[in-house]
Amino acid sequence: MPNNQSPPLVYYAESPFSAFGLIWAATTEKGLWSLSYGIDAEEFKAQILERGPVTLIYDESKLALILRQVNDFLSGKRERFELAIDWRGMTDFQIAVRKAVMALPYGETASYGEIAARVGNPRAARAVGAVQASNPISFVIPCHRVLGSDGSLHGYGGFGGLKTKAWLLELETDHK
């Protein structure tokens, strides 16, 4: 961020969801900044700050639409999100990988190697895995749809690990 620019305003709030506890979301004027679950407010604020300096403001009204869409997704009532993403604080490779993962249709999967090939670096499967392990926007960037080359579940950085990944894939299969 240039010295003459103020840090972006990031609005955040939470919504209860029984399967995962609180769902936390944060947004800027450009779009969704962060989305997480299974953590408390202090952990979520620290996660927001991992992408760079920001000014944090708690505001439920700014997050109502985002949290409604997430709750609808987790209830099997929504297949696609209609949300802009604020990509600031991410590298070009992270953005490319995350956009490729977002392009995976609901209920479909791809391997880490396939995602690497889609972003023009077919030998970067492990790098794709590292990008996904640090995904700041759970569910909307559906890293649960990325599998090992043998089709098995590998790695899931979100709360609940592979059990949550399996649950999300089953949700999508059941509601497709």
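The values are calculated or read from the model by the stated rules, or taken from the named source; none is laboratory data. All figures in this text were calculated on a predicted structure; none of them were measured in a lab. Note that we place each Cβ from the backbone using ideal geometry, even for glycine, and neighbour counts take in every protein chain shown.
List of remarks:
- The lone criterion from (1) surrounded by 19 or more Cβ atoms within 10 Å (Cβ to Cβ); (2) touching a residue at least 60 places away in the same chain (Cβ under 8 Å) left unmet by Gly76 is number (1).
- Those residues of the range 144-156 which are surrounded by 14 or more Cβ atoms within 10 Å (Cβ to Cβ) and either hydroxyl-bearing (Ser, Thr, Tyr) or modelled with pLDDT under 90 (or both), in sequence order: Leu147, Gly148, Leu153, His154, Gly155, Tyr156
- Of the residues in the range 30-47, not one is part of a loop (DSSP other than H, G, I, E, B), in contact (Cβ under 8 Å) with a residue 12 or more places away in the chain, surrounded by 15 or more Cβ atoms within 10 Å (Cβ to Cβ) and in contact with a Pro (Cβ under 8 Å, 6 or more places away or on another chain).
- Candidate set: the range 145-176, residues that are in contact (Cβ under 8 Å) with a residue 40 or more places away in the chain and assigned to a loop (DSSP other than H, G, I, E, B); chosen: the one farthest from Ile23 (Cα to Cα): Gly151
- Set Leu153, Leu67, Leu162: member being in contact with a strand residue (DSSP E or B) (Cβ under 7 Å, 6 or more places away or on another chain) and under 21 Å from Ile39 (Cβ atoms): Leu67
- Applying the criterion of being crowded, with 18+ Cβ neighbours inside 10 Å and aromatic (Phe, Trp, Tyr) to the residues of the range 103-143, the residue that is nearest to Gly89 (Cα to Cα) is Phe139.
- Comparison of Ala100, Ala125 shows that the only residue that is more than 25 Å from Ile48 (Cβ to Cβ) and of a type outside the set (Val, Ile, Thr) is Ala125.
- Taken as a whole, the structure leaves Lys99 outside the set of residues that are more than 14 Å from the chain's Cα centre (by Cα), part of a helix (DSSP H, G or I) and either of a type in the set (Val, Ile, Thr) or at pLDDT 95 or above (or both).
- Residue in the range 116-127 that is at pLDDT below 95 and either basic (Lys, Arg) or under 14 Å from the mean Cα position of the chain (by Cα) (or both) present: yes
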